[in-house]
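Student: Quick one: the structure is below, and I'll ask about it shortly.
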Amino acid sequence: MVSSTPEEIFRRMIDLMLAKDMSAVADLWAPDGIAEFPFAAGSSPRVLRGREEVRAYLAYYPELMDMEEVAALTVRPTSQTDTVVVEWTATGRTVATSQPYRLDYIVVLTVRDGLIALFRDYWSPLSAAAAAGGLARLIDSLETRDA
């Protein structure tokens with residue numbers, strides 16, 4: 001792999017997501033790399049362990065969300081050269097409803113040997129569910145869990 005800095009890896013991931021090549025996105029992960037979603041709710045996973053779990057998670061993403069553009073992207077270096085913080089905004093259309101969406105993310109990305117070792121994704125499950133047309137389902141799952 002030519003790119004190896006965290007910023008280069010992240011930008012490559014975005015390019016692959018826009019191309020809808022989710023298998024290639026998963027190939028950016030280290031075999032034991034982790035994806036964490038601290039704000040996940042409902043049936044969404046909070047942690048994916050390893051490249052193959054990431055691959056399975058991403059496999060159907062293009063059938064749910066048609067990401068068309070990255071409307072904003074700011075990469076913030078950290079004191080650790082292998083880690084960056086990325087603020088970014090994706091826009092596109094929800095496949096099921098054809099409705100437009102705009103989702104904001106903050107990602108803490110750590111790269112080891114040119115591959116993603118840790119991808120901590122802070123996103124809003126409410127915004128994502130609303131964009132995907134599943135807000136009522138998310139709320140129901142939260143109320144059922146709390147009951």
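The values are calculated or read from the model by the stated rules, or taken from the named source; none is laboratory data. This structure is a prediction, so every number in the text was calculated from the model and none was measured. Every residue, glycine as well, gets a Cβ built from its backbone with ideal geometry; the counts of neighbours run over all protein chains shown. Accessible surface areas use protein heavy atoms only, side chains included; no ligands, DNA or RNA. Shrake-Rupley method; radii C 1.70, N 1.55, O 1.52, S 1.80 Å.
Student: When the stretch 39-49 is examined, which residues are found to be open to solvent by 20 Å² or more (accessible area, probe 1.4 Å), touching a strand residue (DSSP E or B) at 6+ places or on another chain (Cβ under 8 Å) and more than 13 Å from VAL107 (Cβ to Cβ)? I'd like the intermediate steps shown before the answer.
Tutor: So the first thing to find is which residues in the stretch 39-49 are open to solvent by 20 Å² or more (accessible area, probe 1.4 Å), and the list is 39, 42-47, 49.
With the extra rule that they be touching a strand residue (DSSP E or B) at 6+ places or on another chain (Cβ under 8 Å), the set shrinks to 39, 46-47, 49.
ARG46, VAL47, ARG49 - these are the residues of the stretch 39-49 that are open to solvent by 20 Å² or more (accessible area, probe 1.4 Å), touching a strand residue (DSSP E or B) at 6+ places or on another chain (Cβ under 8 Å) and more than 13 Å from VAL107 (Cβ to Cβ).
Student: Sticking with this structure for a sec: Which of the residues that make up the stretch 1-38 are within 16 Å of ALA90 (Cβ to Cβ) and in contact with a Leu (Cβ under 9 Å, 6 or more places away or on another chain)?
Tutor: Selection gives PHE10, ARG11, ARG12, MET13, ILE14, LEU16, MET17, MET22, VAL25, PHE37.
Student: For the stretch 1-38, which residues satisfy the criterion of being among the hydrophobic types (A, V, I, L, M, F, W, C), surrounded by 14 or more Cβ atoms within 10 Å (Cβ to Cβ) and in a loop (DSSP other than H, G, I, E, B)?
Tutor: Here is the first cut: in the stretch 1-38, the residues among the hydrophobic types (A, V, I, L, M, F, W, C) are 1-2, 9-10, 13-14, 16-19, 22, 24-26, 28-30, 34-35, 37.
Then drop every residue that is not surrounded by 14 or more Cβ atoms within 10 Å (Cβ to Cβ), which leaves 9-10, 13-14, 16-18, 22, 24-26, 28-30, 34-35, 37.
Result: LEU28, PHE37.
Student: While we're here: Which number in (1) under 19 Å from PHE10 (Cα atoms); (2) in a strand (DSSP E or B); (3) basic (Lys, Arg); (4) touching a residue at least 24 places away in the same chain (Cβ under 8 Å) marks the one condition that ARG76 misses?
Tutor: (4)
Student: Return the total of residues in the stretch 57-91 being surrounded by fewer than 13 Cβ atoms within 10 Å (Cβ to Cβ) and out of contact with any Phe, Trp or Tyr (no Cβ under 8 Å at 6 or more places or on another chain).
Tutor: So the count comes out to 9.
Student: Condition first: in contact with a Leu (Cβ under 9 Å, 6 or more places away or on another chain) and within 21 Å of ILE34 (Cα to Cα). Now tell me which residues in the stretch 88-113 satisfy that. Let's see the steps before the verdict.
Tutor: The first filter runs over the stretch 88-113 and keeps only residues in contact with a Leu (Cβ under 9 Å, 6 or more places away or on another chain), leaving 88-92, 94-96, 108-112.
Result: TRP88, VAL108, LEU109, THR110, VAL111, ARG112.
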